[in-house]
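Please read the structure below before turning to the comments.
The values are calculated or read from the model by the stated rules, or taken from the named source; none is laboratory data. Being a predicted model, the structure only gives us computed values, none of them experimental. When we count neighbours, we look across all protein chains shown, and the Cβ atoms used for this are built from the backbone with ideal geometry, even at glycine. Accessible surface is based on the protein model in full, side chains and every heavy atom, while ligands, DNA and RNA are left aside. Shrake-Rupley method; radii C 1.70, N 1.55, O 1.52, S 1.80 Å.
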Amino acid sequence: MTDDTAPGDTFGVGVRLTDAAFRLVVHVPSEIDSGWSDPETFQRRIESYTWERLNRETTLSAVAETAESGETVTLGTVTMRPDGEVTADSLSVPTDD
């Protein structure tokens, strides 16, 4: 059973650029709530939340402009509880800075 007052687990989110595609990458913390029983589920939830929060086309265009093939560009973090509630995020479109 999970604690409903806990802030959740914080996942890093990035986009990996390859020669053929963009791949959303979810970095999982080493200590994770036991309520996450299926890794595919939280990865899909993080992906869905990321594209609700950031415009996919704008974000991927920015990744293409700032990264070379083989690089991963960090978009930020998402803190989520196992029930799917997002308690915080620091997502942003990458810039050339």
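Within region 33-52, the residues that satisfy the criterion of being of a type in the set (A, V, I, L, M, F, W, C) and under 15 Å from the mean Cα position of the chain (by Cα) are F42, I46, W51.
Remark: pairs (first residue in region 40-60, under 12 Å from V78 (Cα atoms); second residue open to solvent by 50 Å² or more (accessible area, probe 1.4 Å) and modelled with pLDDT under 95; Cβ separation under 9 Å; 6+ apart in sequence or on different chains) = F42/V28; F42/I32; Q43/V28. Among residues of region 72-97 that are in contact (Cβ under 8 Å) with a residue 24 or more places away in the chain and within 10 Å of G14 (Cα to Cα), those with a beta-carbon under 6 Å from a residue that is open to solvent by 40 Å² or more (accessible area, probe 1.4 Å) and assigned to a strand (DSSP E or B) at least six positions away or on a different chain give the pairs T72/R16; T77/T10. Considering only strands (runs of 3 or more DSSP E) fully contained in the chain, which possess at least 3 residues that are open to solvent by 80 Å² or more (accessible area, probe 1.4 Å)? Where strands (runs of 3 or more DSSP E) fall fully within the chain and carry at least 3 residues being open to solvent by 80 Å² or more (accessible area, probe 1.4 Å), they are 22-27.
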